[in-house]
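Participant: Please see the structure below; I have some questions.
The values are calculated or read from the model by the stated rules, or taken from the named source; none is laboratory data. The shown structure was predicted, so the numbers you read here are calculated from the model rather than taken from an experiment. FYI the Cβ positions are ideal-geometry reconstructions off the backbone, even for glycines, and counts take in every protein chain you see. Accessible surface is based on the protein model in full, side chains and every heavy atom, while ligands, DNA and RNA are left aside. Shrake-Rupley method; radii C 1.70, N 1.55, O 1.52, S 1.80 Å.
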Amino acid sequence: MLVVFPTRTHIYSMAPVGWALRAAGHEVVYAGPRNPAEIESFLETGLEAMWFGDDLDIARQRRFAGDDLEGEHKLSESRPERYTDAYISEVYQHWTKVFQWTSPDRLLTEMLHFARQWRPDLVVWDPMMYAGPLVAAAVGAAHVRMLYAADQTARLGFQHRALRERRPEIPDPLVEWMSGWLARHGRAFDDTLRYGMATIDPSPSCIRYDLDVPYIPAQFVPVNRPLPVPSWVVQEPERPRVCLTLGVSNRQVHGREEASVAALIEGLGRLDAEVIATLDAGQIAAVPKLPGNLRAVDFIPMNEALATCSAIVHQGGGATIGNAVVNGVPQLIVPGTTWSERVSALAQQKRGYGLLLDLEDLTADSVCEGVGRLIGDPSFAACAAEVRREMLATRTLADIVPELEALAG
């Protein structure tokens, strides 16, 4: 049973492990909150899906929470000096509320009813969906997490544990919530319910935190919408090709684009390069004039497009990072503030195949300079090729199926 947060990025990110398990002869089904807006995303995976609870309405939740979803502190914070006690406590409490929102009582009740009938041996769960380990524990199934980006929940969880060791009077609202629900079903909380009996991690190794978590590194599998590939996408360009994509996750969470599209396009327009920009009509409308070297498209199959790209500019989402890594493409990340964008950008910059450009430093000049370095300095491409080889040498999801079967007994 694949328990997923029902948005396209999350659905696509978990599909490959479902395919690997299905190919090994196992029955596989998605389970999670209903989201009519993503019917096509589920259908495109070819896997069965069961929905429970009320409709998930991200826009309504955003309006309810207000513009600032996390108060003064954000989970995406990456500066150690800002990891104060107040930061850790506030962010941990906030995200406990988020996890309760994504796994409300009605959803849990209906999923548990289904699981008792369907009897899963293994639950693979999205870090956003604590319904996964809760239902697994209630029916006695094995369970593993599958990451889609850097492991922010574990990073925050270990920080909170250290805080409570210093200040035991501070409560643990996540454990209190999970323990209360489990007690109603005759089960007790144990620590595997925080991060899974194991955690599948398809990120490049430089992004992985050094934490006491049983990670199972796995090769990233690109999953793009199954649409025709334009012929120009696979043709070798006459000059360096640069891809600009800002994804959909930030707009879903924040209701707006965090980065200045105008500054990005103006900066890329100054380069002696061919620019492909995945922009919708609303984003294009915010730009007075598109430069002559830019081709704007509403959608492009990212994996295929990156095969002929010399650089990519993006907001730091896990799926975009994975697509760039398996194609050996240097990255300029203008990190969003939703999850792990900045910490991932820092890790890749330190590794040598990417650059970080903070939102407050985003100008046409800084974009032009950053991308100019990526395509002009061969060390970035050489390092990106090395990281690509490391990723392709990592075990595939098919390779780890026996390990998952062993966990499931």
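Participant: Under a 1.4 Å probe, what is the accessible area of the chain per residue, stated in Å²? Don't skip to the end; give the middle numbers.
Facilitator: Details: 17390 Å² over 409 residues.
So the chain comes to 43 Å² accessible per residue, rounded to a whole number.
Participant: Of the labelled options (1) 27, 58, 15, 0; (2) 23, 56, 21, 0; (3) 23, 37, 20, 15, 4, 0, which one gives P(r) over Cα pairs in 20 Å bins from 0, in percent as computed for this structure?
Facilitator: The calculated read-out lines up with (1).
Participant: A further question on this structure: For the ranges 230-240, 157-167, 142-152, what's the packing order if you count other beta-carbon atoms within 10 Å of each residue, average per peptide, and put the highest first?
Facilitator: Working: 230-240: 11.9, 157-167: 15.1, 142-152: 24.6.
My ranking of the peptides, most packed first, is 142-152, 157-167, 230-240.
Participant: Stretched out fully, how many nm does the piece from D212 to A398 gain, at 0.36 nm a residue minus the Cα gap? Intermediate values should be presented prior to the final figure.
Facilitator: Details: separation 186, 0.36 × 186 = 66.96 nm, distance 2.48 nm.
Answer, rounded to one decimal: 64.5 nm.
Participant: Here's something else I'd like to know. Can you give the FRET efficiency for D57 and K97, using 1/(1 + (r/R0)^6), R0 = 22 Å, r = Cβ-Cβ distance, to the nearest 0.05? Don't skip to the answer; put the middle values down first.
Facilitator: Numbers: r = 16 Å, r/R0 = 0.73.
Computed FRET efficiency for D57 and K97: 0.85.
Participant: To the nearest 10 square angstrom, what accessible area does K74 show with a 1.4 Å probe?
Facilitator: 60
Participant: In whole percent, how big is the carbon plus sulfur part of the accessible area of the stretch 109-203, probe 1.4 Å, protein atoms only? Provide the component values of the computation, followed by the final result.
Facilitator: Working: 1790 of 3520 Å².
Carbon and sulfur together cover 51 percent of it.
Participant: Additional query: How do S76, S179 stack up against each other in accessible area, from largest to smallest, with a 1.4 angstrom probe?
Facilitator: S179, S76
Participant: Using a cut-off of under 20 Å, list every residue of the stretch 1-32 whose amide N is near the label point 7 Å from the Cα of E304 along the Cα-to-beta-carbon line.
Facilitator: Once the point is set 7 Å along Cα→Cβ of E304, 9, 12-13, 16 turn out to lie under 20 Å by backbone N, inside the stretch 1-32.
Participant: Top mean-square fluctuation among L271, L107, L43, Gaussian network model of the chain, C-alpha springs under 10 Å?
Facilitator: Looking only at L271, L107, L43, the biggest GNM fluctuation is shown by L43.
Participant: Moving on to the next point. Taking the chain as a Gaussian network, where each spring joins two C-alpha atoms under 10 Å apart, which residue of V313, V343, V229 fluctuates the most?
Facilitator: V229
Participant: OK, next. Using label points projected 7 Å from each Cα along Cα→Cβ, tell me how many nm separate M50 and T109, to one decimal.
Facilitator: With each label point 7 Å from Cα toward Cβ, the separation is 1.7 nm.
Participant: Roughly how many nanometres apart are two label points built 7 Å out from the Cα toward the Cβ at A183 and D365?
Facilitator: Distance between label points: 6.1 nm.
Participant: Does anything in the stretch 291-308 have its amide N under 16 Å from the 7 Å Cα→Cβ label point of E236, and if so which residues?
Facilitator: Counting backbone N atoms under 16 Å from the label point, the list is 307-308.
Participant: Related question: Suppose R0 equals 60 Å; then what is the FRET efficiency for V229 and R166 from their Cβ-Cβ distance, rounded to the nearest 0.05? Write down the numbers at each step before the final one.
Facilitator: Numbers: r = 55 Å, r/R0 = 0.91.
It comes out at approximately 0.65.
Participant: What residue among S89, S103, V275 has its Cα farthest toward the positive end of the dipole of the chain, where the charges are +1 on Lys, Arg and -1 on Asp, Glu, each on the Cβ?
Facilitator: Positive-most Cα among the choices belongs to S103.
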